[in-house]
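Shown next, in structure tokens, is the structure this report addresses.
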Amino acid sequence: MSEGPRVLLVDDEPRILSALQRSLRREPVSVETAGSAAEALAALDRNAREDADPIRLVVSDQKMPGCSGIELIGEIAARHPSVRRILLTGWPESIDEPERVRLGLSALVSKPWDDQELKREIRAALDLV
Amino acid sequence: MSTDEPVVRVLVVEPQQADQRDPATLRALQRLGKGARIEVVHERDALRRLLAGAVHDCAVVDERVGAEALPLLAEAAHAGVPGVFLIRTGGDAAAVEAFDQGARDCVRAGPDFESILPVAVLDQIRRVRSERARNEADARIQWLENLSRTVVEAIPTALAVLDAVGNVLRANPAFSRLCGRSVEASAGRPLRELLPDSLWSVAEAVWREAARGNGAGPRFAKGDAAGRAFDLRAAPLSEGRSLLLVSEVTEVEDLLRQVGHLRRTNEDLIQNMNGAVLMLDSTGHVRFANPGALELLGDASPEGRDARAWIQGDTGRDLLVAVLERGERIRGVEIVVRRPDGASAPVAVAAAPLHDEGGSPRGAVAILQDLSELKQLQRQVLQTEKMASIGQLAAGVAHEINNPMGFVHANLYQVSEYVDDLTRVWDQVRGLRRAIGDAPATPELRRAAELFDATVEEVEADFLVDDLGKAVRESLEGSERVRHIVQDLRAFSHQDTAERTLADINKALDSTANIVWTMMKHSVKLTKDYGDLPPVSCYPMQLKQVWMNLLVNATQAVEQRMGAEGIRGEIRLHTRAEGGSVVVEVTDNGSGIPPEVRERIFEPFFTTKEVGEGTGLGLATTYTLVRRHGGELSVASPEGEGATFRVRLPVEPPQGGSPETP
């Protein structure tokens, strides 16, 4: 895994995580994954408590069993406001401008995603451009 | 009258003892001739029986009958039959006594007795006959008088006999009721004083006319205090007198007014009703058609034309036969009407036979309702329902496809990069092999080189490397296509959670048009004709997609034709406000839309484009988005003359939610 800012990918579908990891293999980021919102929050909490190297960005799927991506991102915005947030969703139109502002999203990427677009948005969120 | 019937009938009472009887009596009476029937009785009971028949004109009683003679005369007189007493021996005293008892005449049986008796009898007969005739006439006059008095007193018409200066001489109870005075109090008073003021002027006019000897009236007079209406007439009588008749016609007047009102209501109803009303005579020719019928039939003067001229198909003709010939009532039958200009329309018919007062058929009345709009609406509802169910399906499919497509597409993209890298590695491996050459330095190297060569040859490695790149690129292209379909499906089916906002339709249309025009590299002539539009409550992003779809469609249509025929493509945009709606029209001069395609053009997955060029969701999505705004999307395309897509959007969102699809 490359060295670079830490990015946490959240999706309940392991193949999506695996594909996302492949996409980002050559990006200057350090990728880790979580299979649910709960797992992601636990990782972030632990990171904030114990780790000197902070997780800088979360890329989360919207539709997940239990806690949805929007709920997760809302929670992150409250608990870890310095962590940047990107939402991957099959229904980007369902989230209007006020909602985006409320969630403090760096980007809203539609799914199935375009590889180039995703990488661009991730770099932008991490101020890597 | 039969000749056997006697003209006169005479009763003769003779003594019981035969030797007492005088044959001269009968001989004398036979002089009365053949027309006289002589009936002889000898005792009281027989006489009574005959008298009861009340048919005899005269009774002759012989003195020789004895003590019974005078009482029998009295009985005859009582029965209305004049008696003649035949004196035999008695003197004047006997005659006086007979007259006392009721005899009408006495004849002494002397020498000229045979000639006197028939004369006396005939005289009596004449008298009784004229008496009876007078009585009958009196009775008839009496009856008539009674009748007219009853009529005059009972009829509701007020009657008054006026003298030459207008005083009431006589009046009936109806007149006194009209004037509010008793009959007695009316007599001798001037008419003017008796009549209500509202009737006087008309009454005076008809009375004066009658006083000049002419019949007058009927004239109408309206309204006494109770608002009643009257019919006044007068007739001249003798000696300058007149008869005034005043009848109350309030009810008739009311009835006439009601009939008039009903007639006007009927006419208004028939003239203005939405449906078409036709009256046909018994041969099926039009007798009457209301404006609705003129419009429906497309004929300004259908009167006199055969209704069969408009009817298309057997159902309609059978219906005409059923109503006109069998007198059946028809309701809600659907037929097709063909107009003179060749257009035809589905029409619902209700028809009923008409009859004259005698009950004979005299044609039919029919009410026709144009079903074209209804059918159009039905098609729209069906289409909307179809859209809704397809929308639900599409939403489900889109979502399920999203995830697997997500990683398939991302992986293919990665794989294509891997393949590029590995191809570079492979080129270097081939270079390495060439560098080793045909005579490797060591036996290990030689064995490895031989194995490598054999394997490369066996699996055709060069081809594999080439084709792997190609296969991955093509797969990537395929998955890209699926990604677009999924995006289209999502747009088609997604529910909008955003709020409606007020937007300027002209502005949104214009910016979209400019983007498309730029994409077209300005090769199409774009004409803009924007009307003044009120701000429309809408979802602006959705409408932008509507304009985009219509413009792209129009562009593709003109491109197709420009390519084929080399003419200059033109797209015209026209907007206008209309009632509570705004109308946007996108017109192209492309190849047009054949009718069979037009039918299905808004169906999801219906496309005329090459595989891979269109998903068949563009217009379906457009349709759905317009419907979501409570609007309408329609298309007109005269054969080979391009097409106009018309969007009609309500300025205010419809109440109770629009017919949304998921």
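The values are calculated or read from the model by the stated rules, or taken from the named source; none is laboratory data. Since the model is a prediction, treat every value here as computed from it, not as a measurement. Note: ideal-geometry Cβ built from the backbone for every residue, glycine included; neighbour counts use all protein chains shown.
Checked against (1) hydrophobic (A, V, I, L, M, F, W, C); (2) touching a Pro at 6+ places or on another chain (Cβ under 6 Å); (3) more than 14 Å from chain A (Cβ to nearest Cβ), B:ALA300 meets all criteria but (2).
For every residue, the table says whether it meets (1) modelled with pLDDT under 85; (2) aromatic (Phe, Trp, Tyr); (3) surrounded by 12 or more Cβ atoms within 10 Å (Cβ to Cβ).
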| site | (1), (2), (3) |
| --- | --- |
| B:LYS222 | yes, no, yes |
| B:ALA225 | yes, no, no |
| B:LEU232 | no, no, yes |
| B:PHE288 | no, yes, yes |
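For the stretch A:58-65, the criterion of being more than 14 Å from chain B (Cβ to nearest Cβ), charged (D, E, K, R) and touching a residue at least 12 places away in the same chain (Cβ under 8 Å) is satisfied by no residue at all.
In this structure, A:GLU32 qualifies as surrounded by fewer than 18 Cβ atoms within 10 Å (Cβ to Cβ), touching a helix residue (DSSP H, G or I) at 6+ places or on another chain (Cβ under 9 Å), part of a strand (DSSP E or B) and more than 14 Å from chain B (Cβ to nearest Cβ). Would you call B:GLY260 among the small types (Gly, Ala, Ser) and farther than 30 Å from B:LEU159 by Cα? It is true that B:GLY260 is among the small types (Gly, Ala, Ser) and farther than 30 Å from B:LEU159 by Cα. Counting only strands (runs of 3 or more DSSP E) wholly contained in the stretch B:1-88, the ones carrying 1 or more residues that are in contact (Cβ under 8 Å) with a residue 60 or more places away in the chain and not small (Gly, Ala, Ser) occupy B:8-13, B:58-62, B:83-87.
Taken as a whole, the condition of being within 12 Å of another protein chain (Cβ to nearest Cβ), charged (D, E, K, R) and either more than 16 Å from A:PRO81 (Cα to Cα) or touching a Phe, Trp or Tyr at 6+ places or on another chain (Cβ under 7 Å) (or both) applies to A:ASP11. The number of residues in the stretch A:78-102 that are modelled with pLDDT of 90 or more and either in contact with a His (Cβ under 8 Å, 6 or more places away or on another chain) or over 15 Å from B:HIS399 (Cβ atoms) (or both) comes to 10. Does the stretch A:97-106 contain at least one residue that is crowded, with 17+ Cβ neighbours inside 10 Å, more than 14 Å from chain B (Cβ to nearest Cβ) and in contact with a Gly (Cβ under 7 Å, 6 or more places away or on another chain)? Yes. Scanning the stretch A:68-94 for residues that are buried (at least 17 other Cβ atoms within 10 Å of the Cβ), more than 8 Å from every other protein chain (Cβ to nearest Cβ) and in a loop (DSSP other than H, G, I, E, B) gives A:SER68, A:HIS80, A:VAL83. Considering only residues in the stretch A:107-128 that are over 14 Å from A:LEU24 (Cα atoms) and among the charged types (D, E, K, R), the one that is farthest from the other protein chains (Cβ to nearest Cβ) turns out to be A:ASP127.
Restricting the search to strands (runs of 3 or more DSSP E) fully inside the stretch B:110-227 and requiring at least 3 residues that are more than 51 Å from the chain's Cα centre (by Cα) gives B:168-171.
Inspection of the stretch B:70-81 finds a residue satisfying the criterion of being touching a His at 6+ places or on another chain (Cβ under 6 Å) and among the hydrophobic types (A, V, I, L, M, F, W, C). Taking the stretch B:295-331 as the range and being basic (Lys, Arg), loosely packed, with under 14 Cβ neighbours inside 10 Å and farther than 19 Å from B:ASN274 by Cα as the test, the residues that pass are B:ARG308, B:ARG326, B:ARG329.
In the condition set (1) away from chain B (no Cβ under 14 Å); (2) buried (at least 20 other Cβ atoms within 10 Å of the Cβ); (3) under 27 Å from B:HIS399 (Cα atoms), A:ILE55 is compliant with all but (3). Entry remark, the stretch A:55-67: residues being more than 14 Å from A:LEU105 (Cβ to Cβ), part of a strand (DSSP E or B) and of a type in the set (D, E, K, R) number 1 in total.
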